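J.: The structure follows.
The values are calculated or read from the model by the stated rules, or taken from the named source; none is laboratory data. Fair warning: this is a prediction, and the values are worked out from it, not measured in the lab. With ideal geometry, Cβ positions are generated from the backbone for all residues, glycine too; neighbour counts draw on all protein chains shown.
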Amino acid sequence: MARVVLKPGHVRPIFSGHPWVFKQAIQSVEGGPAPGDEVVVSDPSGRPLGRGFYNPTSAIPVRLFTHRDIPVDAALLRARFGRALELRKTLALPSDGTTAFRLVHGEGDALPGLIVDVMGDVVCVQLNTVGIKRREGLVFDAIQEAMSPRAIIDRTSESAARMEGVLAGAGVVRGETVERLVFEERGFSYEIPIALGQKTGFYLDQRDLRSRIESLARGRSVLDAYSYVGAFSLAAARGGAVRVLAVDQSALAAEVAAETARKNGMSGTIDVTRMDALKAMEDASTSGGFDLVLCDPPKLAPSRAKLEAALNAYRKLARAGCRATKLGGLLVLSSCSSAVALHDLVRALALGARDANLSPTVLEHHFQAADHPVPAAFPEGLYLKSVIARIDRLD
């Protein structure tokens with residue numbers, strides 16, 4: 001089998017359990033592996049450190065599936081799926097009122113490059129590396145065995161596919177034709193058209209924060225910027241908000257959000273508007289503001305090369321969000337970019353607030369839901385961060 005040998009001084013992270021081998025850590029590649037081939041990773045003396053799939057064009061040429069010298073085969077994949085399913089059962093997923101959850105979270109479930117989301121009786125997947133793409137048949141077999149879904153849908157994004165040199169998602173790959181994802185989360189019913197393509201169709205990772213927003217909303221006016229299909233808006237409305245304004249630039253997302261609010265009996269509280277989120281916050285600042293402002297933008301830093309631009313964008317959003325929040329009110333600012341650390345997000349909030357001559361006090365930190373697990377040796381896996389801050393005058 002082909003072998004990837006690490007440079008001296010680059011062994012410790014892998015030995016400690018980190019699943020990524022960066023290009024600058026590689027001393028040599030032996031055996032001429034092709035993209036997607038299984039390789040052994042070893043230290044400079046030849047001692048095996050694990051096995052994974054190889055891609056010479058990636059900044060992360062090897063993503064380790066195991067830190068032992070054992071085959072990455074169908075048996076290992078089935079075992080990993082079984083372990084992932086058992087973890088979700090311990091988290092009470094699925095449960096009464098929640099039939100959507102993440103079954104496989106890439107490195108968090110020792111299956112790098114693979115995302116598997118259960119949406120009711122349909123499973124959506126993203127095959128984000130050439131190695132996992134070459135083994136898609138084994139993946140689909142494991143999903144079928146674990147969940148027996150009505151359909152399996154490949155929703156690999158074009159950007160991920162382009163980076164790995166594979167084809168983007170092909171839609172339904174097994175089972176029936178599907179036009180909508182029908183599921184429940186926390187007692188709310190959703191029907192999301194397949195044409196609405198963010199992530200695998202829904203932001204499962206914010207489940208816990210939605211629950212917290214519900215507990216904070218009573219008696220408050222709420223602005224839900226970047227509302228997508230209105231999941232935060234539903235939570236706020238059920239929590240007793242007096243008024244919720246949900247805004248999204250996507251016409252289809254706004255249409256689905258309005259219909260979802262109606263079907264869940266919340267249309268009397270939730271007003272859905274198609275609008276740029278930044279403009280909505282700027283407009284709010286001149287019309288009295290809201291008691292609770294939610295600012296959860298799409299990924300602004302897809303890589304570390306985009307970090308500086310992203311932090312400037314978060315600072316601008318923080319400024320607008322602070323100004324849109326009534327004095328004494330709460331601003332919730334989120335980042336789903338792994339390149340943006342929690343301290344980066346808090347600093348952007350501090351600077352944006354200072355630009356607005358306001359003072360934020362961070363009350364709470366929130367992260368991705370537990371069905372998006374993070375290995376202790378893989379801090380990059382903690383990609384979602386949110387802060388809840390009280391906004392006051394600058395003293």
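J.: Which condition number does Lys326 fail, the rest of (1) within 19 Å of Asp208 (Cα to Cα); (2) in a strand (DSSP E or B) being met?
T.: If we test Lys326 against (1) within 19 Å of Asp208 (Cα to Cα); (2) in a strand (DSSP E or B), just (1) comes out false.
J.: Now for a separate question. Counting just the residues of segment 264-296 that are of a type in the set (Val, Ile, Thr) and part of a strand (DSSP E or B), which one comes out surrounded by the most Cβ atoms within 10 Å (Cβ to Cβ)?
T.: Result: Val293.
J.: Lys89: part of a helix (DSSP H, G or I) and touching a residue at least 60 places away in the same chain (Cβ under 8 Å), yes or no?
T.: no
J.: So Arg88 passes all but one of these: (1) touching a Phe, Trp or Tyr at 6+ places or on another chain (Cβ under 7 Å); (2) of a type in the set (D, E, K, R); (3) more than 26 Å from Ala370 (Cβ to Cβ). Which condition number does it fail?
T.: Only one criterion is unmet by Arg88, namely (3).
J.: Ala79: among the hydrophobic types (A, V, I, L, M, F, W, C), surrounded by fewer than 17 Cβ atoms within 10 Å (Cβ to Cβ) and not assigned by TED's automatic domain parsing to the domain that holds Ser303, yes or no?
T.: Taking the combined requirement at face value, the residue satisfies it.
Conditions (1) surrounded by fewer than 24 Cβ atoms within 10 Å (Cβ to Cβ); (2) in the same structural domain as Leu331 (by TED's automatic domain parsing); (3) assigned to a loop (DSSP other than H, G, I, E, B), marked per residue:
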{"residue": "Ser211", "(1), (2), (3)": "yes, yes, no"}
{"residue": "Glu214", "(1), (2), (3)": "yes, yes, no"}
{"residue": "Leu223", "(1), (2), (3)": "no, yes, no"}
{"residue": "Ser227", "(1), (2), (3)": "no, yes, yes"}
{"residue": "Ser233", "(1), (2), (3)": "no, yes, no"}
{"residue": "Ala237", "(1), (2), (3)": "no, yes, no"}
{"residue": "Gly240", "(1), (2), (3)": "yes, yes, yes"}
{"residue": "Leu245", "(1), (2), (3)": "yes, yes, no"}
{"residue": "Ala261", "(1), (2), (3)": "no, yes, no"}
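J.: Looking at Val340, is it of a type in the set (Val, Ile, Thr) and part of a helix (DSSP H, G or I)?
T.: Against the criterion (of a type in the set (Val, Ile, Thr) and part of a helix (DSSP H, G or I)), Val340 does not qualify.
J.: Please verify whether Leu300 is buried (at least 17 other Cβ atoms within 10 Å of the Cβ), over 14 Å from Ile388 (Cα atoms), among the aliphatic types (A, V, I, L, M) and in contact with a strand residue (DSSP E or B) (Cβ under 9 Å, 6 or more places away or on another chain), treating the condition exactly as stated.
T.: Here the answer is yes, as Leu300 does meet what is asked.
J.: When the residues of segment 147-183 are filtered to those that are in contact with a Ser or Thr (Cβ under 6 Å, 6 or more places away or on another chain) and not in a strand (DSSP E or B), which remaining residue is surrounded by the fewest Cβ atoms within 10 Å (Cβ to Cβ)?
T.: Ala168
J.: Here's a follow-up. When only residues in segment 17-34 that are surrounded by 16 or more Cβ atoms within 10 Å (Cβ to Cβ) and touching a strand residue (DSSP E or B) at 6+ places or on another chain (Cβ under 7 Å) count, which is farthest from Ala377 (Cα to Cα)?
T.: Step by step, filter segment 17-34, then rank; the result is Pro33.
J.: Another question, if that's okay. When you scan segment 41-56, how many residues do you find that are touching a Gly at 6+ places or on another chain (Cβ under 8 Å) and either part of a strand (DSSP E or B) or surrounded by fewer than 20 Cβ atoms within 10 Å (Cβ to Cβ) (or both)?
T.: 4
J.: Among the residues of segment 317-345, write down those that are closer than 16 Å to Ile391 by Cβ and surrounded by fewer than 16 Cβ atoms within 10 Å (Cβ to Cβ).
T.: Of everything in segment 317-345, those that are closer than 16 Å to Ile391 by Cβ and surrounded by fewer than 16 Cβ atoms within 10 Å (Cβ to Cβ) turn out to be Leu327, Gly328.
J.: Looking at (1) within 20 Å of Asn128 (Cβ to Cβ); (2) without any contact (Cβ under 8 Å) to a residue 40 or more places away in the chain; (3) surrounded by 16 or more Cβ atoms within 10 Å (Cβ to Cβ), which is the one condition that is false for Ala59?
T.: (3)
J.: Taking the criterion of being among the β-branched types (Val, Ile, Thr) and out of contact with any strand residue (DSSP E or B) (no Cβ under 9 Å at 6 or more places or on another chain), would at least one residue in segment 100-118 satisfy it?
T.: No, the conditions are met nowhere in segment 100-118.
J.: Further question: Could you list, in sequence order, the residues of segment 233-271 that are in contact with a Phe, Trp or Tyr (Cβ under 8 Å, 6 or more places away or on another chain) and among the acidic types (Asp, Glu)?
T.: Matches in segment 233-271: Asp248 only.
J.: So Leu64 fits all but one of (1) assigned to a strand (DSSP E or B); (2) surrounded by fewer than 20 Cβ atoms within 10 Å (Cβ to Cβ); what number is the exception?
T.: (2)
J.: Within segment 357-365, is even one residue surrounded by fewer than 19 Cβ atoms within 10 Å (Cβ to Cβ) and on the phi > 0 side of the Ramachandran plot?
T.: yes
J.: Further, regarding this structure: Considering only segment 184-209, state which residues are part of a strand (DSSP E or B), buried (at least 20 other Cβ atoms within 10 Å of the Cβ) and of a type outside the set (A, V, I, L, M, F, W, C).
T.: Glu185, Tyr190
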